[in-house]
Amino acid sequence: MESKSVLALIVLIMATVGFSMAPTMSSPAGTASSAPAPIGGSLAGPAVALAAPTISHDVSTFPRTVLVEAFTAEWCEWCPEESHAMYTLEHQFSRSALVVGELHVCYDGPSDCGDSFNTPDGISLTRQEYYDVSGIPTVAIDGKVIAGSNANETMLYDTYLSALENASSVPGGVQINQSAEFTSLGNVTVSEQVTSGVTGTFHALSYLVEYIGQNISGGGGIHDIDYVVRAAIVNENVNLVAGSSIALSGTTEMVPGWNQDNLSVISFIQNNSTMDVENSNMVPVVNLAGSLSANPGTISVGESVQVTVQATNTTTGAPVEGAQVALQSSDGGTFGSPVGTTAADGSFQTTFAVPYVTALTTDNLTAVISSPGYATTTAATTLVINPTSPPSVPLGVNIVPSGQDQVDLAWASPATGGNGVTYHVFRSTAPSVGFQLVSTGTSTSFDDPNVVAGTNYYYIVDGENNGGWGVNTTEIVANSVSVEPEGLPAGVGWTLTIDSTELNSTTGSALTFYLPNGDFSYSFSAWKYEFIAAETGQSLSLSSAPQTLTAAFAYRLATLELAVQPASATVTLNGTAVPLSASGDATLSLKAGWDLIQVSAAGFVTTSKNESFTWGNTSTVTIQLTASSPSHPNQGSSGASTTIAGLVPWEFGTILVGILLVAGVAILLARRRPGGPASPPSS
């Protein structure tokens, strides 16, 4: 172990000596040197320091995110090795463990910079002077500087990894929670909440960084350019007290050319005296992502498409409601709503009627999307417009049984060239031959009343527009179907149902309609309650041949179970004789409704009954005749009359009335006799 430690120390000392002894480069375009690149002719640099800083934490500690400030430049001939090593480390550590900001420095001041990523606000130079960086590549890991060297990528990787592991083993002295957003067009604002575990005066600094993600050819070869520091947002001294929090904020202006979709903010707190970084944090700048789509993406002149704009928060992926949308087209055309606002799901939809073109055209559609708290963004899509061309074949030609004694055709517009189409309908009475034009129009339906029952008809349809005639459909046959009612009185209407379509015969006559080939189910019903279809659940199969069907109806019936005594009686039902069995019984099927039953027999009083019978029910009627008197047979209709002393009631009543009248007259005469008052009654 000791020999390995001594060897590592020797390698480190040799790397440092090699860095400080390198000759001066005369210009960024000079010949390659075996030494690291100096800045402004200065070669001296601070010694390597890998040991972790000692921090006194008064209250608590926090998870650490290690900060790497990498001083580099496109003109630097030793920087490609450093950039490759740091790229590997960036992808090895998570963003919560390691953040890297590249500070690109000039060769000899702004007048002779030689680097396109140098910060316009001068923060790269400020930090270069803060760390006393005189040669690059140089990195500061949590404030500890590792001076540049001419080591190869592997040696640099090992050196940086050791320093990172040392730094990450030390808890953070502060915790930084922050957010960054666009507050107005061209401005980025960061808001921070710093919770401290240390007390004292520190420096708060926030970098606005842009992710480049490119390999760029420069001095010494290919440079990995990743998170480039663009500007300082927060840059001030702060007083921290352990166990308390402070709020910080800052704003910087965007420079044209920076990619607003790739911006982040790195914030950190640094000890002014020791340069130790207490902790750091990196968050993306909240931005607005927009997308624009047109469906379908290929369309013909005269047609319209649906255009959809989607606005999304790039940080959370959540939809952005209330974003303003403005749509444009490079080749004209008309948007249903050229401006609008996104809904709760972040979308805005409208239609776009394509312009007239005479050649195949690619129309560029753009959407400008803006919302408070976000930078304005633009989304785009392309739409291929076919010039006016003949329509494709009309779709879904079918025959529907919606009319009687006529053929009803319907279809849908062609898949392409469907606007401004005139349709032609041709008919024949034989398949494949003899078609003649029977209709021209813009409607996607045609009713043909000029038909004869029992004859099949064949149809084809095509379309025509300014580009010419399109392809016709495959012929479709209209099978003649006639249905004759049976069992209904004249004038009683009825209904036929084919699948879900109803056809009505108001006068009770036959129905004739037309159907394509196929299998169908049907049923029928009468318009009077007394009648019912004799069969239900019928099916019909058609295959290019006329059909004639029968719709059979029957009366709705009730059952009468009749019992009559004496069994020899004569029974009539609505005037028609009803035969009885030897025991006086009869079972009858009747039409539903009221019926008159009359029963008579010699020596018995005739009886009549009106009875109501319900369809489907069985009614039992029992009739027992009453014997008639010898002198007055057949009195009444409700059975034999009651007699008193051989008199029927009406005779008895008449005699009683006569007696009362005679008695009354006698009393009146007695009161009017002469000879004085009547003697008082004897005791």
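The values are calculated or read from the model by the stated rules, or taken from the named source; none is laboratory data. Not measured: the values here are computed from a predicted model. With ligands, DNA and RNA removed, areas are computed over all heavy atoms of the protein, side chains included. Shrake-Rupley method; radii C 1.70, N 1.55, O 1.52, S 1.80 Å.
Derived from the Cα gyration tensor, the three semi-axes of the equivalent ellipsoid of the stretch 548-636 are 32, 12, 11 Å, largest first.
What the stretch 160-220 shows is 36 Å² of accessible area per residue, with the surface traced by a 1.4 Å probe over protein heavy atoms.
In straight-distance terms, cross-link reach from Lys609 covers every one of the aspartates and glutamates whose alpha-carbon lies under 14 Å from its own, apart from those fewer than eight places away in the same chain; here that gives Asp595. If you model the stretch 170-214 as an ellipsoid using its alpha carbon gyration tensor, with each semi-axis the square root of five times an eigenvalue, the axes come out at 26, 15, 9 Å, biggest first. In the stretch 292-440, the inverse of the mean reciprocal separation of distinct Cα atoms equals 18.4 Å; this is its Kirkwood hydrodynamic radius. Put simply, the Cα atoms of the stretch 375-510 extend 80, 48, 19 Å along their principal axes, the longest span coming first.
On the stretch 543-616, 51 percent of the accessible area sits on carbon and sulfur atoms, based on a 1.4 Å probe. Shape analysis of the stretch 261-352 based on the Cα gyration tensor places the equivalent ellipsoid semi-axes at 44, 12, 10 Å, largest first. Carbon and sulfur together cover what percent of the accessible area of the stretch 423-541 at a 1.4 Å probe radius? Reported share for carbon and sulfur atoms: 47 percent.
Counting every C-alpha pair in the stretch 473-607, the share spaced more than 27 angstrom apart comes to 45%. Does the stretch 108-219 come out rounded, prolate or oblate, given a ≥ b ≥ c as the square roots of the eigenvalues of its C-alpha gyration tensor, rounded meaning a/c under 1.5 and, failing that, prolate meaning a/b above b/c? Cα axes put the stretch 108-219 in the oblate bin. Surface exposure of the stretch 487-616, expressed per residue as accessible area with a 1.4 Å probe, stands at 50 Å². Rounded if a/c is under 1.5, else prolate if a/b beats b/c, else oblate: with a ≥ b ≥ c from the C-alpha gyration tensor eigenvalues square-rooted, which is the stretch 577-626? It comes out prolate by the Cα gyration axes.
Normalised Debye scattering of the stretch 431-477 at q = 0.21, 0.24, 0.26 Å⁻¹ gives log10 I(q)/I(0) of -0.88, -1.10, -1.23, counting only Cα atoms as equal scatterers and leaving out solvent. Scaled against 2.2 N^0.38 Å for its residue count N, the alpha carbon radius of gyration of the stretch 223-294 is 1.47.
Remark: the stretch 359-474 carries 45 Å² of accessible area per residue (probe radius 1.4 Å; ligands, DNA and RNA excluded).
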